[in-house]
Amino acid sequence: MVLRRFLAVCSLLLGGLLLAPPRADACSICRCSDPTFNALGTNVYSSGEFHLALDWDRFEKSQATEEGGTDEETENRFTATFSYSFGERFLLVARLPFSHRDLTETNGGEVERTRTFGLSDPEFYGLVSLWSSPFGPGLGRRAWISAIFGVKTPWGLNDVRKDGVRVDEHAQPGTGSTDLFGGFSGFYLFDLDSSIFLSAQYRGTGRNDFGYKYGDNLIVSTAYERKLSEVFDAVVELNFRHAKRDQVDFSGEVDPNTGGSVLYVTPRVLVNLGKGIVARVGVQIPAGQWLYGIQDEKVNYNVGLTFLF
């Protein structure tokens with residue numbers, strides 16, 4: 001009965017977000033999963049506990065240009081995530097990313113390669129527990145539902161220049177815009193060895209000083225986690241992202257080769273290294289792409305460590 005009620009509530013929350021007017025992707029090349037679940041897991045409401053997560057992510061995609069050429073984009077992103085839990089009701093999270101971008105532009109017989117590295121856009125957000133099941137012996141709290149709200153700052157580098165000329169927007173480490181985001185997440189513990197996690201987030205993006213506006217986005221994720229032993233856990237996720245086209249200038253002109261929808265299957269392995277340290281390795285595989293114009297999303301990779309203090 002509890003499980004049916006929980007899944008019904010989650011279905012209503014996720015369904016409401018999915019039936020809302022679709023907006024767009026937060027950037028031309030970005031994550032498509034729940035970063036809190038990836039870095040911190042489901043045990044986020046532990047009173048007075050501090051978590052630190054260190055992650056390396058590799059994203060890759062290609063898209064056509066308006067001039068008839070092709071852009072090949074690769075990003076290696078290094079992120080430190082800090083969180084602190086206030087009681088069992090509120091979690092505060094800060095994410096500090098650094099981005100190394102490699103953009104190869106091919107137009108006719110000419111090839112131009114641009115590499116940049118620097119601070120990307122820090123994020124700050126909070127999770128608030130809306131409901132949790134009563135504390136029970138053995139399993140503790142079997143279920144919870146949370147709301148999330150936050151802001152992505154424009155503090156990353158967005159005016160990197162090469163030979164005095166500002167490089168392409170997709171090679172900039174930061175977006176240069178202030179974005180607001182929010183959503184819901186839920187968790188249910190089936191037994192001591194298995195659980196399910198669901199989340200949906202909507203992000204509204206701002207316009208940077210150069211007129212570029214990355215599309216808003218809707219990301220929906222569901223994950224099943226299974227404990228294999230005292231050391232190993234296995235996770236399988238489905239990550240869905242819907243995107244609107246980017247706007248390239250203050251007039252609102254759109255880039256026809258941005259936006260659309262993509263579905264990823266993401267297997268992940270967790271390794272308990274002891275003393276509150278967990279290693280994580282995951283691969284994000286595109287299972288379906290319904291993208292605007294000419295685009296191709298590649299396989300993404302994630303490696304991380306989470307520390308509990």
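Quick notes on this structure:
- Any hit, the range 240-258, residues being surrounded by 21 or more Cβ atoms within 10 Å (Cβ to Cβ), among the hydroxyl-bearing types (Ser, Thr, Tyr), within 21 Å of the chain's Cα centre (by Cα) and within 22 Å of Thr175 (Cα to Cα): yes
- Within the range 188-224, the residues that satisfy the criterion of being part of a strand (DSSP E or B), modelled with pLDDT of 95 or more and of a type in the set (D, E, K, R) are Arg203, Lys213.
- With respect to the conditions (1) modelled with pLDDT under 95; (2) under 22 Å from Gly183 (Cα atoms); (3) of a type in the set (A, V, I, L, M), Leu139 falls short on a single one, namely (2).
- Taken together, the residues in the range 86-126 that are more than 19 Å from the chain's Cα centre (by Cα) and outside any strand (DSSP E or B) amount to 5.
- Every residue from the range 160-187 that is assigned to a strand (DSSP E or B) and not small (Gly, Ala, Ser): Arg161, Lys162, Val165, Arg166, Asp179, Leu180, Phe181, Phe184, Phe187
- Restricting attention to the range 198-233, the residues that are loosely packed, with under 14 Cβ neighbours inside 10 Å and among the small types (Gly, Ala, Ser) total 1.
- Condition check for Leu291: at pLDDT below 95, surrounded by 14 or more Cβ atoms within 10 Å (Cβ to Cβ), over 18 Å from the mean Cα position of the chain (by Cα) and not small (Gly, Ala, Ser): no
Rundown of residues vs (1) farther than 27 Å from Phe82 by Cα; (2) among the polar types (S, T, N, Q); (3) surrounded by 15 or more Cβ atoms within 10 Å (Cβ to Cβ); (4) touching a Ser or Thr at 6+ places or on another chain (Cβ under 8 Å), yes/no style:
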{"position": "Arg113", "(1), (2), (3), (4)": "yes, no, no, yes"}
{"position": "Gly118", "(1), (2), (3), (4)": "no, no, yes, yes"}
{"position": "Arg166", "(1), (2), (3), (4)": "yes, no, no, no"}
{"position": "Thr175", "(1), (2), (3), (4)": "no, yes, yes, yes"}
{"position": "Thr178", "(1), (2), (3), (4)": "no, yes, yes, yes"}
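- Of the numbered criteria (1) of a type outside the set (Gly, Ala, Ser); (2) in contact (Cβ under 8 Å) with a residue 40 or more places away in the chain; (3) farther than 25 Å from Pro97 by Cβ, the one Arg226 fails is (2).
- Given (1) surrounded by fewer than 21 Cβ atoms within 10 Å (Cβ to Cβ); (2) of a type in the set (S, T, N, Q); (3) part of a loop (DSSP other than H, G, I, E, B), index of the condition Ser129 fails: (3)
- Ser83 within 21 Å of the chain's Cα centre (by Cα), small (Gly, Ala, Ser) and within 18 Å of Thr175 (Cβ to Cβ): no
- The lone exception for Pro267 - which of (1) modelled with pLDDT under 95; (2) surrounded by fewer than 20 Cβ atoms within 10 Å (Cβ to Cβ); (3) part of a strand (DSSP E or B) it fails: (1)
The values are calculated or read from the model by the stated rules, or taken from the named source; none is laboratory data. Treat the numbers as computed from the prediction; the structure is a model and nothing was measured. Virtual Cβ from ideal backbone geometry, glycine too; neighbours counted across all protein chains shown.
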